[in-house]
Each structure stands twice: as C-alpha cells, then as structure tokens.
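The values are calculated or read from the model by the stated rules, or taken from the named source; none is laboratory data. These numbers were taken from a predicted model, which means no experiment stands behind them. Cβ coordinates were reconstructed from backbone atoms using ideal geometry, including for glycine residues, and neighbour counts include every protein chain displayed. Remember, those area values only see protein heavy atoms, side chains included, never the ligands or the DNA or RNA. Shrake-Rupley method; radii C 1.70, N 1.55, O 1.52, S 1.80 Å.
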Amino acid sequence: MAPGLLSFSNPKCSLQPLSAESMLMSRSPCTHFNRTHRPFSPNNPKPSLLLRCSSVSNLSTPAPPVDDQETIVFNELENKPLRDIWRKIQGCNNWEGLLDPMNSHLRKEIIRYGEFAQACYDSFDFDPQSKYCGTCKYQGAHFFEKLDMADQGYQISRYLYATSDINLPNFFQKSKLSSVWSTHANWMGYIAVTTDEEEVKRLGRRDIVIAWRGTVTYLEWIYDLKDILTPANFTEDKSIKIELGFYDLYTKKEENCSYCSFSAREQVLAEVKRLIEYYDGEEISITITGHSLGAALAILSAYDIAELELNTMDNGEYSTTKIPITVYSFAGPRVGNLKFKDRCDELGVKVLRVINVHDKVPTVPGIIANEKLQFQKYLEDTTSFPWSYAHVGVELALDHKHSPYLKSTKDFGCAHNLEALLHLIDGFHGKERDFCSATQRDIALVNKSCDFLKSEYGVPAHWRQDENKGMVRNSDGKWILPDRPRIEAHHPEDTAHHLRRVLKNFATNNNNTNSNSQLEAI
C-alpha cells in the first residue's frame, strides 16, 4: 500500500541488492547491522539511529552445500517476469523452493495481497459513536482511490456483508446511536477484479480477489468460539467439519435486511460465477486473502468454491480445466477438522499461511488435538473426537524479534498485527538469514494501528485516522459528521440468478440433495 499520513522510509542497506545466487550461497545476506548515530536536528527527518546492512564473508567457514539444480531453478524464477511464472508464485507446487530463500516475486505478491486485506481495516468504520458504524467508509467506485491504491489496477466488483445476529458478539461493530444503514449487517470485505490491461499483462492473467475483514479488536472474539465442529453441509460428506462460529458467519442470513438477505456465502458464489462467465475465455485466477478471522473466512470460501466446482471450466469434448484458487492467509486460526484439511488438499486449494510465532490466534482452536498430533487421524476416525482441528496449507513462520525496528512488548495485539506481518515479510530472506528490508517498505505503516516501533523512529502509535475524525464545518460554522452517500445493497434478482446457476450445475453433476434443497429455498 502506498505510504499513509506519515512518509517515513526504512533505513536503506548500504550494499547493492544481492543476486539470487549469492543469496543461496550465503547463510545470511545481511549478517550484521552497523549502528551509526546521527545528531538530531529539526531539518533531519530521519531517525537518529541509522541501520546499515553489510555482508560478512568468513573464509574459514565453508559455505553450506547447495544443490546445483535448485540454484538453477531459483535463479530462473528470479530472472523471469511474473507473467511467465505466476502459477508457481500462486502455489501450484506448494511454493517448494520459494520460501527459503524467499523468492522476490513471491515476497511482493504476499505483501500485495496482504495490502488488499489491510484495506478492509483501513476502510471500515468501527467507531461506535458513528451512525455508520459497521459499514465501509467509501463507495465502491472510489474505494482504491481513497486508500491510495488506485495504481493496483483493480476495481471493486461487489461488497460483502454478513448478519451480525449470530453468536460472535465481540466480532461485530454496532453504533451506539441509531443506525442509519442497517441494524443487522456488518460489512465483511469485497470482491475485486483486475481491470487495468497493463496489470493483466504483468500478472499474466485476469485476477479475481476476495478480501475478508478480520477482527478490529484482538482476542475477544476468540473467546466466543465454542470449539464446536459442525458438518460443512456443502456436500453429502458429513465427516468434513468446520468450526461452528465460522460456519454461521459464512452461511447465516437475515431476510428482512437488504444487505444480508443473501448470506456471505451466497454473495461470494453468485459474484464469482458472474465474473467467471463475464471473462470467459481468458486466463483467470482466484485469489482469496484475509487476516485473523478474515483468514478463516478466506480458507472456508476457497474450499466452498472448489467443492462446488465453480472453478472448473468445461472446454467441450469431455475436457475441463481448473481455475487456480490461492489463499494468502495472515495470522489465521484453524478452520476445520483433519477431513476438511485433506479435502482442501484433494481439491487443489493452495494456502500459504503467514504467521508470527509469538501470535496466539494461529494456535486455536484445537489446542488439544491438531495437525501436530501423531495420532490425529486415528483419533478422528475411531473415536470421533469432537475437538480435533488441522491447519490447511503451507506455513511461513516469522519472528518479530528478528526485526531491529520493533520493540519488545507484552501487547499480544502487536504480534497479531497485519502491518507488522507485512513488515516482517519485507525483511525476511530465510530462516538462517538476518532481517534486511528488500522492498524499502515504509516502516511507519507498522504503527498504523498499534504501538510496535522503537521510539527512536519517532512514529506515533495508532496514527492512522480520518482528518478531524471525519468531522467538518457546516454552513453555520458548526462541526458535524456529514452524511455519507448510501451504499447500495445487492440486486436480489442478479444474485439469485447466478446463485441458482452455481447450485444447479453442481446438483446436476453430482446429484447433490443439499444443493437441490438450497435451490428450492432461493
């Protein structure tokens, strides 16, 4: 994301960027930091502590053995444009050989999709004193422009809503004043699509992005999870189970509310179906992202799209191709049981989970029985153990203590913060390599909604907010919160039309009674 209200730049490395080959041959591209103190002056906006990265060669210690073929493959991917290797970057080979050392294309893509998730926070009105609390601050046509993301080349296709009338009271935000837009709904994120043709060319395909809002407050919502698994009910297989709170959030609806008369699930399926048909014949990818609870919804919706074969394209003459589905998950909890994890793998859903090892959210639910338990499969199959969960996909574990910019803190919210995770990705080169900024991402963004940067950088904590908190002077000179243009609800006929097509195709191809019953309900 472009820098926000403050324009701090990271201290720059004194060396030229290392080649891919030298990164592989060295255990650490930035093996130590030289600290140089500058005298502070009002004319010097830089922090008084400048970090310079330098490489150190130790002739007495031989370089670790490196497989020549692996080196060749790594270098080839580094030197090729993204459009030629996008399927690998999207995880077709489960990111094998791309994470350690970190591939530069992959780093940029993780950060880019993380910024799509961060946009959900930056645009969400979570002020309980606002009569618009619980909605998006911006009209869809101006969404990316308002967030300084117009150069991303995407346009909003649809906003997503969920009913707040479910058993996750600490997740939803409601106004203390009388609500002017909805008493039942909360804005949950958006679906966007690449519309700039230059960006389509750079990416090598038309990209459909689904971004889910996470938690505004930190751990309170986690305490409301009952650790209860429920059948997914998307297919006939009742052994595939999902945490009940996530399932309700995704599938519940409120027929008396125009924003959530269709469930979040139905909104996603209908819009993805519409976009795939609209761009029929083009190379397409579906990328889903989210942070915290939004990461859980990202995995759940990815599974749903794949399970209903929405990404399967009929080429005629008994030939089909699949649109790749990739999830970039940030600080997400476990979503379902081992059967759910296995089914996601079977369907080809690719999930890259980015976590901070000091964050608590990725450790729940499933503290007792999870993917680390040797006998989990036996426990699920034989005893039907009701609290067995498993993470999906490939894990990229980062440690905020490796960043020289971040201070020691007991605030668990800092370890869970999305901007802090994006900062860590920017400086991550591999498990045995020291932190060194690769993209010069603005470190001020870390403190956008937390207090995590060391004090010598002079960045205020929790600095991002609307000017004057959105208050303006009216013609009488009084300060007021102005009315916002009303955000349009869904078009029921359009949503119902595409949703019927999704469920009808799946029911016909699989003789699925669940889909038939859902069709009758629309």
Run through all the Cα pairs of the range 238-369 and give the fraction in each 5 Å bin from 0, expressed as whole percent.
-> 2, 9, 18, 21, 20, 14, 9, 5, 2, 0, 0
Report the relative contact order of the range 301-454, percent, no decimals, based on alpha-carbon pairs under 8 angstrom and at least 6 residues apart.
-> 20 percent
Scan around Ile284 for amide H atoms under 5 Å from its own, H built in the peptide plane at 1.01 Å from N, and keep only partners 5 or more places away or cross-chain.
-> Arg206
Which of the pairs Lys174/Lys454; Lys201/Lys322; Lys88/Lys201 have their Cα atoms more than 26 Å apart in this structure?
-> Lys174/Lys454
Inter-site label distance for Lys454 and Arg87 at 7 Å from Cα along Cβ, in nm = 4.6 nm
Residue-ordered couplings for the range 288-297, obtained by feeding phi - 60° into the Karplus form 6.51 cos²θ - 1.76 cosθ + 1.60 and rounding to whole Hz (Gly and Pro as x), are 10, 9, x, 10, 6, 5, x, 5, 5, 5
If you average over every viewing direction, what projected area does the convex hull of the Cα atoms of the range 381-522 give, in nm²?
-> 18.5 nm²
Length-normalised contact order of the range 83-152 in % [C-alpha pairs under 8 Å, at least 6 apart] | 17 percent
Which values of log₁₀ I(q)/I(0), to two decimal places, follow from the Debye formula for the range 281-354 at q = 0.11, 0.14, 0.25 Å⁻¹ with a uniform point scatterer at every Cα?
-> -0.28, -0.44, -1.12
Given backbone amide H placed at 1.01 Å from N, residues whose amide H is under 5 Å from that of Cys92, ignoring those fewer than 5 places away on the same chain, are none
Computed ³J(HN,Hα) along the range 380-387: with the Karplus parameters 6.51/-1.76/1.60, θ = phi - 60°, integer Hz and x for glycine or proline, the list is 6, 6, 8, 9, 6, 4, x, 10
Would you mind counting up the charge near Ala390? Only other residues with Cβ under 10 Å from its Cβ, with Lys and Arg at +1 and Asp and Glu at -1.
-> +2
Select from the range 262-335 those GluC sites (Glu not before Pro) which occupy a DSSP coil region and have at most 11 other Cβ atoms within 10 Å, ordered by residue number.
-> Glu282, Glu317
Spin-label zone in the range 118-135 - amide nitrogen under 11 Å from a point set 7 Å from the Cα of Glu199 along the C-beta vector = none
Treating only Lys and Arg (+1) and Asp and Glu (-1) as charged, each at its beta carbon, one finds that the range 178-304 has a dipole about its Cα centre, in Debye to the nearest 20, of 220 debye
Three-way shape label, the range 382-431, alpha-carbon gyration tensor, a/c 1.5 | prolate
For 285-298, 403-416, 349-362, ranked highest to lowest by mean beta-carbon neighbours within 10 Å, the order is 285-298, 349-362, 403-416
Report in % the part of the accessible area of the range 89-153 that belongs to carbon and sulfur, leaving out ligands and nucleic acids; probe 1.4 Å.
-> 46 percent
For the range 97-114, just list the computed ³J(HN,Hα) in residue order, Karplus coefficients 6.51, -1.76 and 1.60, θ = phi - 60°, integers in Hz, with x standing in for Gly and Pro.
-> x, 9, 9, 9, x, 6, 5, 5, 5, 5, 4, 5, 6, 4, 5, 4, 6, x
How much net charge surrounds Asp196 when only the other residues with a Cβ under 15 Å from the Cβ of Asp196 are counted, with Lys and Arg +1 and Asp and Glu -1?
-> -1
Between the residues Asn337, Ala298, Ser285, the Cα farthest towards the positive end of the dipole of the range 246-351, that dipole coming from +1 and -1 charges on the beta-carbon of Lys, Arg, Asp and Glu, is from Asn337
Filtering trypsin sites (Lys or Arg not before Pro) in the range 236-292 by DSSP loop and by at most 13 other Cβ atoms within 10 Å leaves Lys238
Quote the relative contact order of the range 306-369 in percent (integer), defining contacts as alpha-carbon pairs under 8 Å separated by 6+ residues.
-> 36 percent
Would you mind telling me the share, in percent, of accessible area of the range 389-522 contributed by carbon and sulfur at probe 1.4 angstrom?
-> 47 percent
What percentages, rounded to whole numbers, describe P(r) for the range 340-431 computed over all alpha carbon pairs with 5 Å bin width beginning at zero?
-> 2, 12, 19, 19, 16, 14, 9, 6, 2, 0
The long-range amide H neighbours of Arg158, using H built 1.01 Å from N in the peptide plane and a cut-off of under 5 Å, are Ile191
Net charge near Leu406 (other residues with Cβ under 15 Å of its Cβ; Lys, Arg +1; Asp, Glu -1) is -3
